[in-house]
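Okay, structure first, notes after.
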Amino acid sequence: MIVLLANLKPGVAKTTSAGYLLHAIHERGERVIGVDADPSRSLERWADAAGFAMPVMSLVTTSIHTTLPQLIPDGAHVIIDGAQAEDHAGVIASAARIADVVLVPLAPSGVELERTLLMKKFLEDDVAPLTSSGRIDIRALLNRTIPNATSTGEVRGVLTDAGWTVASTTIPRREEFAASWGNPVTARGTAYDALVTELGIGGRGA
Ligand SMILES: Nc1ncnc2c1ncn2[C@@H]1O[C@H](COP(=O)(O)OP(=O)(O)O)[C@@H](O)[C@H]1O
Ligand SMILES: [Mg+2]
């Protein structure tokens, strides 16, 4: 499975989510590689600094859809950390063309909601017609949520009313995630492990 993390904006937890998803899949004994499609190379630098166990390569081009399929090891899952699409539309469109799922992270706040609604339009109007199936599996991923806050349910409702599929797993606001960049990652026991289960990747864990 190829999973792309993408949204219009920076700072919505694309890279954090990519780092944890890579580990949640790896910890289940599944093959997985990371692709950093952001010129800031945050995922690649995190992997280097922390010594990730899986390969992470940088691929910031508008030909990801033709290049990447030839680079995927047999049976490996792929997590692509996308750059903010507002600045790198061509790169993200290319990655979305071959993604099985595009996960669109957002916090349950007004500004992130507004931009996220536009992300779906970009993927559906500009990218989906370029795919072989003519459609893209787009799912919102609510993150940095506050336990029991009404905002989570409200934003979930707005997204659902706007025709979104919203992942039932939400990622809470946690210091563990905020402080994770540059450090080794253990995903077991976190919401990202539940997200991998929801995505249907791998078994019950090693
Ligand atoms: N679940 C979370 N709880 C708290 N802070 C988070 C969480 N996820 C991400 N962050 C923080 O939010 C900021 C943006 O995350 P990042 O993954 O770099 O976003 P992006 O790749 O979309 O630019 C970072 O400082 C990160 O540590
Ligand atoms: Mg990033």
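Each value in this text was obtained by applying a stated rule to the coordinates, not by laboratory testing. The shown structure was predicted, so the numbers you read here are calculated from the model rather than taken from an experiment. Cβ placement follows ideal geometry from the backbone for every residue including glycine, while neighbour counts extend to all protein chains displayed.
Could you pull out every whole DSSP H run in the chain that spans at least 24 Å of Cα extent along its own axis and averages 1.6 or higher on the Kyte-Doolittle scale? Walk me through the intermediate numbers first.
Working: long enough: none.
Long hydrophobic helices here: none detected.
Give me the percent relative contact order of region 2-199, please, defined on Cα pairs under 8 angstrom at least 6 residues apart. Kindly include the intermediate steps, with their values, before the conclusion.
Values: 370 pairs, mean separation 54.3, N = 198.
The normalised contact order for region 2-199 reaches 27 percent.
Anyone know which of Ser109, Ser17, Ser132 comes out most mobile in the 10 Å Cα GNM of the chain?
Checking each option, the largest mean-square fluctuation is seen for Ser132.
How would you order 110-122, 75-87, 153-165 from highest to lowest mean count of nearby Cβ atoms within 10 Å?
Details: 110-122: 16.8, 75-87: 21.7, 153-165: 14.7.
Packing proxy ranking, top to bottom: 75-87, 110-122, 153-165.
For region 135-206 and region 3-65, what is the centre-to-centre distance using only Cα atoms, to the nearest Å?
About 16 Å separates the Cα centre of region 135-206 from the one of region 3-65.
Tell me, in nm to one decimal, what length is gained between Lys121 and Thr61 on full extension, where the rule is 0.36 nm per residue of separation less the Cα-Cα distance?
On the way: separation 60, 0.36 × 60 = 21.60 nm, distance 2.19 nm.
Extending this stretch completely gives an extra 19.4 nm.
Using the 10 angstrom Cβ neighbour count as an exposure proxy, how do Ser133, Ser94 rank, fewest first? Mind dumping the intermediate values first?
On the way: Ser133 7, Ser94 23.
In increasing order of surrounding Cβ atoms, one gets Ser133, Ser94.
Can you work out the FRET efficiency for the pair Ala162 and Leu71, with r the C-beta to C-beta distance and R0 = 30 Å, to the nearest 0.05?
Numbers: r = 35 Å, r/R0 = 1.17.
My answer for the efficiency is 0.30.
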